[in-house]
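Please treat every number below as a calculation from the coordinates, not as lab data. These numbers were taken from a predicted model, which means no experiment stands behind them. Don't worry about glycine lacking a Cβ; one is built from the backbone with ideal geometry, like all the others, and counts go over all protein chains shown.
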Ligand code: FAD
């Protein structure tokens, strides 16, 4: 299968980047074709705005999602966005690979989502969840963080559940656009554990990548269960 890894770490020598490099080797070893968008190395512009369109449906008032639809339909999106969309369309599995920043993704990755997951392709009208534009693709989050597992393993934990923290990504982005969402892979407490523990994370991630087909995807709504006004039937 084709795998797209969208990677967002500013330090090439980081553990997060080592985990990324390790995954590229493993996936290639498994016979997959791997593309990496290394956002910091590319100098990816994360700021959405009027320059994202070389032709405007409405030159006087920017409705960003409407211009995304127009840009996608007419092939007039900015070249850096169009290049990322080509990779997104090609992939069967999308991996967003990042260190957790403020319970979320680094801004450069948020900007990739805002600019590349365009209306008209990934969602639009009633095309969301199991009717989303990226239906048929799988997606997974791979993240490193500073916190410990027990801080995020239940409703009673100090920060609540990790999957609840990641809801804007797991549900609001990946599931919303129709992708089959695999459970996140998490390396906990990364700067504070010893080298042996980090080596174990590399081994655990290798196991994860070798067994992707055996994972149970996360559950999300089906539009079949909702009426035209999106009330549950
Ligand atoms: P690094 O510091 O790069 O690496 C840790 C150690 O691993 C280093 O000593 C490095 O030399 C070593 N290493 C490198 N390669 C290897 C290798 N191959 N094998 C073994 N060891 C290796 N954390 C949270 O939990 N919640 C938050 O909300 C949160 N918000 C943050 C917000 C910001 C703005 C920032 C900067 C950090 C935040 N963090 C948060 C912490 C952050 O998520 C972690 O610091 C980060 O994920 C750790 O991963 P890293 O790759 O950057 O670690």
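Among 92, 60, a tally of other beta-carbon atoms within 10 Å of each Cβ gives an order, fewest to most, of 60, 92. Among 122, 76, sorting on how many other beta-carbon atoms sit within 10 Å of each Cβ, with the fewest leading, yields 76, 122. Spin-label model, residue 83/residue 33: points 7 Å from Cα along the beta carbon direction are separated by 1.9 nm.
Once Rg and the Kirkwood radius are both taken over the C-alpha atoms of the stretch 105-181, their ratio Rg/Rh works out to 1.05. Global dimensions of the stretch 139-188 from alpha-carbon coordinates: Rg and Dmax equal 11.3, 31 Å. Label positions at residue 90 and residue 107, each projected 7 Å from the Cα along the C-beta direction, are separated by 3.0 nm.
Here is the size of the chain from its Cα atoms: Rg then Dmax, 18.3, 58 Å.
Which log10 I(q)/I(0) values does the stretch 179-233 give at q = 0.23, 0.26 Å⁻¹ under the Debye formula, counting every alpha carbon as one identical point scatterer? With one equal scatterer per Cα and no solvent, log10 I(q)/I(0) is -0.92, -1.02. Using the rule -39500 (n - 2.57) for each DSSP H run of four or more residues, divided by the residues of the chain, the 222 nm mean residue ellipticity is -9000 deg cm²/dmol.
Among 151, 230, the order by Cβ neighbours within 10 angstrom, fewest to most, reads 230, 151. Here the convex hull built on the C-alpha positions of the stretch 129-233 has a volume of 118 cubic angstrom per residue. Between the helical axis of 15-29 and the longest alpha-carbon principal axis of the chain there is an angle of about 80 degrees.
For the pair residue 202 and residue 63, label points projected 7 Å from Cα toward Cβ lie 5.2 nm apart.
Would you kindly calculate the translational diffusion coefficient of the stretch 18-132, applying Stokes-Einstein with the Kirkwood radius from alpha carbon pairs, for 4 °C and a viscosity of 1.567 mPa s, and quote it in µm² s⁻¹ without decimals?
The diffusion coefficient I find is 83 µm²/s.
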